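The values are calculated or read from the model by the stated rules, or taken from the named source; none is laboratory data. Quick caveat, the model's predicted, so the values are computed rather than measured. Cβ atoms come from the backbone with ideal geometry, glycine included; neighbour counts cover every protein chain shown. Heavy atoms of the whole protein, side chains included, go into the accessibility calculation; ligands, DNA and RNA do not. Shrake-Rupley method; radii C 1.70, N 1.55, O 1.52, S 1.80 Å.
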Amino acid sequence: MKKSKAIIILTVTVLLLAFLSYTAVCGFPVGMEENPETGEKEVVLAGAASDIKQGLDLAGGVSITYQVVGEGTPSEADMNDTIYKLQRRVESYSTEAQVYQEGADRINIEIPGVSDANAILEELGKPGSLSFMSANGAEVLSGTDVADAQAGTQQDKMGNSQYVVQLTLTEEGATKFAVATALAAPNHDIIFILYDGMIVSAPSVNEEIKDGMAVITGMSSFEEAERLASTIRIGGLKLELEELRSNVVGAQLGSEAIRTSLKAGAIGMALVVLFMIVVYLVPGIAASIALGIYVGLIVVLLNAFDITLTLPGIAGIILSIGMAVDANVIIFARIREELATGKTVQSSMKIGFQKALSAIIDGNVTTLLAALVLGIKGSGSVRGFAQTLALGIIVSMFTALFITRMILNAMFALGLKDVRFFGVAKERKTWNFLSKKAVFFACSLLVIAAGFICMGLNTSGTGDPLNYSLEFKGGTSTNITFNEDMSIEDIDAQVVPVIEEITGDGNVQTQKVSGTNEVIVKTRTLSVDEREMLNAKMAEDFGVDTEKITAETISSTISSEMRGDAIIAVAIATVCMLLYIWLRFKDIRFAASAVICLLHDVLVVLAFYAAAKVSVGSTFIACMLTIVGYSINATIVIFDRIRENIGMAKKNTELAEVVNTSITQTLSRSIFTSLTTFFMIAALFMLGVSSIREFALPLMVGILCGTYSSICLAGALWYVLRTRITGSRKADGKPAKKEK
């Protein structure tokens, strides 16, 4: 590369970093609008970090409470079905929207990132009765006969694209619809679709429909089709609901908590940058610049894709930052290995990137596969986690493989060619990890067994194996009206500690109702004595009128259906990862070993939750998913090196020697990547509020556990499976010949 080109590249890179940094803080101009106060035209800025759509825990939103219409108490099954369908409906506004039961016959919906309750109510519509009626007035179907309705496009007879609504009926609905359409088809009669007595669509019947799959045509736009599909979905609820109240609520975490989290992230990033520069010198500088560009791109793309950011989403970003650093660590380690063989710096850089490519691609693609499956099949916080993780993986691969390489080549062209600027890998004595495999296996089994024992003891003591928070088990929602307007920071500093002392739980959630002195406090289920104690403390410490304190039992915000979706999504993602590793490594034993390590890490962290009695809430799912993604990536790096060394092994080389050498060669990568990721999480733990610490602590345990399983278990498991199945302890898979 010529110096002139190198100067241009570095100049453009610095300008890009400056632009992205400015955009992340201030935003970039998107137009002009008139200031209503001054009447002057002003530049409209967008794309800043402050513009990212945030979840209820970070920014607050709209809370709407519906009351079931009709006499008598609705059944538990009908309430659960209605909650699940509403959850699916409101996810079109945000993946982080929450729907849960309040009392016996109320349903609460919380939608983050919005402040106009009336607009949401108008768009959401009143969940009411839906019916299909023939031209003669006979009812054909009710809303419960519709399983699903989705907007889409299809080709008409002329080959033109048209907007449609695709209906999927239940088995009973399909039978009734087949009879009705058979009567209506000969004369192309109309079947009216009514919502709360109003006609919302009047499609004519062209043919008998027997399979329960119907298509409504005639929409002028996709938006019109989506509105009709949404109306049909919301009208397909088993219960009829009416709005009871709607409020604008503040963030569950105060602005101070958010500021400390951002400060923690900045400190973590600074430590990562310092570590990379100290350890890897010039390549570390290139990686740090690329990491800065990565963060800026993430901010811009979170805005562009309108992704709602919550604590689980932040976990996805933290994991992707760790993977971005990991890719650089793999590359730089390879460069140093090539320099150690006597190659030139330029040649070592080229070969280092080439040799690191397969490990980076395999590690990122397996995690990306998991993110895609979780995004498609998951719901709620699982989907939010998957979105940020997938985005982060794609951007991190781009910055590591292209931006870092471009900057490094430019620095080399400008004269930074001395080997001392890059470092040379020192010859390291091969550690005999496999000789300790029995000890490693025994330690892991003991920890997992201890976890199950703790869960058993917890069950006998409290009835639950884990300390389930209100997101999983439901709890108590207490409305407290203070005598003065308290900020969320004052609530966090003064009120929350009092409540935590009464409940003994660090997962207290608070929301301030906008424009009032009312605060909503959500806790685990409180006993009568605890409610009375809470009322007394509020009166004693804050002068609250106890007559203005009301409490309702609320259901879990993570329904059994959502948990089922998450389990299914994780199972499918695991199978996809297994298949990918099998195909890429052409050895199912690699895949089986990786999955066993994943299971090990999940069970060990579960044991920690049980022993430490850390609250199991919505961040629990994100924590487990983060550990799975982190662990699989670390394991694949080691497997990639084993595969490479087997291909280069001499005849009759002991397989154990290859495995031990591979683990030793990747040891620095495993430790350094764990350290950089640990820096990010540790900063959050040290500076965050109690709910953030309860999120960060298990993550730190998971990072340590994932590092341990990758180094001590993954290679050993593969070795055991390989030698037990082939019966050979040689790298080529052939038994040694007996001497005559």
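Could you list all residues from region 569-592 that are aliphatic (A, V, I, L, M), open to solvent by 10 Å² or more (accessible area, probe 1.4 Å) and over 19 Å from the mean Cα position of the chain (by Cα)? Correct list: Leu578, Leu579, Leu583, Ile588, Ala592.
Considering region 211-245, and only residues there that are out of contact with any Gly (no Cβ under 9 Å at 6 or more places or on another chain) and assigned to a loop (DSSP other than H, G, I, E, B), the residue that is least open to solvent (accessible area, probe 1.4 Å) turns out to be Ser221. Counting the residues of region 415-445 that are open to solvent by less than 100 Å² (accessible area, probe 1.4 Å), over 31 Å from the mean Cα position of the chain (by Cα) and either over 23 Å from Leu655 (Cα atoms) or of a type in the set (Ser, Thr, Tyr) (or both) gives 11. Within the option set Lys537, Lys548, Lys512, being touching a residue at least 24 places away in the same chain (Cβ under 8 Å), among the basic types (Lys, Arg) and in contact with a Gly (Cβ under 9 Å, 6 or more places away or on another chain) holds for one residue only, Lys512.
Every residue in region 265-304 that is over 27 Å from the mean Cα position of the chain (by Cα) and either open to solvent by 50 Å² or more (accessible area, probe 1.4 Å) or of a type in the set (D, E, K, R) (or both), please. If the condition is that a residue be over 27 Å from the mean Cα position of the chain (by Cα) and either open to solvent by 50 Å² or more (accessible area, probe 1.4 Å) or of a type in the set (D, E, K, R) (or both), then Leu274, Ile277, Val278, Leu281, Ile285 are the ones that fit. From the list Asp529, Asp505, Asp492, the one residue that fits, being more than 34 Å from the chain's Cα centre (by Cα) and over 30 Å from Ile361 (Cβ atoms), is Asp529.
Looking at Ala182, Ala202, Ala147, just one residue is in contact with a Ser or Thr (Cβ under 6 Å, 6 or more places away or on another chain) and either modelled with pLDDT of 90 or more or within 23 Å of Asp81 (Cβ to Cβ) (or both), and that residue is Ala147. Inspection of region 681-698 identifies no residue that is modelled with pLDDT under 70, charged (D, E, K, R) and out of contact with any Lys or Arg (no Cβ under 8 Å at 6 or more places or on another chain). Could we say that Lys126 is of a type in the set (D, E, K, R) and modelled with pLDDT under 70 here? Yes. Might you let me know whether region 165-173 holds any residue that is open to solvent by 20 Å² or more (accessible area, probe 1.4 Å), more than 26 Å from Glu91 (Cβ to Cβ) and assigned to a helix (DSSP H, G or I)? Yes.
Condition check for Ile448 on (1) touching a residue at least 60 places away in the same chain (Cβ under 8 Å); (2) out of contact with any Leu (no Cβ under 7 Å at 6 or more places or on another chain); (3) surrounded by fewer than 20 Cβ atoms within 10 Å (Cβ to Cβ): one failure, at (2). When the residues of region 475-523 are filtered to those that are in a strand (DSSP E or B) and closer than 19 Å to Val614 by Cβ, the one that is most open to solvent (accessible area, probe 1.4 Å) is Gln509. Taken over region 609-623, the criterion of being at pLDDT below 80 and open to solvent by 20 Å² or more (accessible area, probe 1.4 Å) is satisfied by Ser618, Thr619, Phe620, Ile621.
Considering only region 706-740, how many residues are farther than 22 Å from Trp431 by Cα, in a helix (DSSP H, G or I) and either modelled with pLDDT of 90 or more or in contact with a Lys or Arg (Cβ under 8 Å, 6 or more places away or on another chain) (or both)? Count: 1. Across region 176-210, the number of residues qualifying as open to solvent by 50 Å² or more (accessible area, probe 1.4 Å), in contact (Cβ under 8 Å) with a residue 12 or more places away in the chain and more than 22 Å from Ala225 (Cα to Cα) comes to 4. Considering region 396-411, and only residues there that are out of contact with any Lys or Arg (no Cβ under 9 Å at 6 or more places or on another chain) and open to solvent by less than 10 Å² (accessible area, probe 1.4 Å), the residue that is farthest from Val295 (Cα to Cα) turns out to be Leu408.
Listed here are the residues, each with its yes/no results for (1) of a type in the set (Val, Ile, Thr); (2) in contact (Cβ under 8 Å) with a residue 40 or more places away in the chain; (3) in a helix (DSSP H, G or I).
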position	(1), (2), (3)
Trp582	no, no, yes
Phe590	no, yes, yes
Ser593	no, yes, yes
Cys597	no, yes, yes
Thr619	yes, yes, yes
Arg641	no, yes, yes
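Suppose we keep only residues that are closer than 17 Å to Met680 by Cβ and in a helix (DSSP H, G or I) within region 297-310. Which one would you say is modelled with the lowest pLDDT? So, considering only residues that are closer than 17 Å to Met680 by Cβ and in a helix (DSSP H, G or I), the one modelled with the lowest pLDDT is Val299. In this structure, Gly647 does not qualify as modelled with pLDDT under 85, open to solvent by 10 Å² or more (accessible area, probe 1.4 Å) and under 24 Å from Ala591 (Cα atoms). When the residues of region 77-109 are filtered to those that are in a helix (DSSP H, G or I) and farther than 20 Å from Ala566 by Cα, the one that is modelled with the lowest pLDDT is Ala77. Consider region 524-538 and keep the residues that are among the hydrophobic types (A, V, I, L, M, F, W, C) and open to solvent by 40 Å² or more (accessible area, probe 1.4 Å). The one that is farthest from Thr481 (Cα to Cα) is Val528.
Would you check if there is a residue in region 56-74 being open to solvent by 60 Å² or more (accessible area, probe 1.4 Å), within 33 Å of the chain's Cα centre (by Cα) and either modelled with pLDDT of 70 or more or not polar (S, T, N, Q) (or both)? Checking region 56-74: not a single residue is open to solvent by 60 Å² or more (accessible area, probe 1.4 Å), within 33 Å of the chain's Cα centre (by Cα) and either modelled with pLDDT of 70 or more or not polar (S, T, N, Q) (or both). When region 311-346 is limited to residues that are open to solvent by 20 Å² or more (accessible area, probe 1.4 Å) and within 15 Å of Ala390 (Cα to Cα), the one that is modelled with the lowest pLDDT turns out to be Ile314. Kindly list the number of the only condition in (1) among the aliphatic types (A, V, I, L, M); (2) at pLDDT below 75; (3) open to solvent by 20 Å² or more (accessible area, probe 1.4 Å) that fails for Ile52. Looking at each condition in turn, Ile52 falls short on (3). When region 451-473 is filtered for residues that are of a type in the set (Gly, Ala, Ser) and surrounded by fewer than 20 Cβ atoms within 10 Å (Cβ to Cβ), the ones remaining, listed by number, are Gly456, Ser460, Gly461, Gly463.
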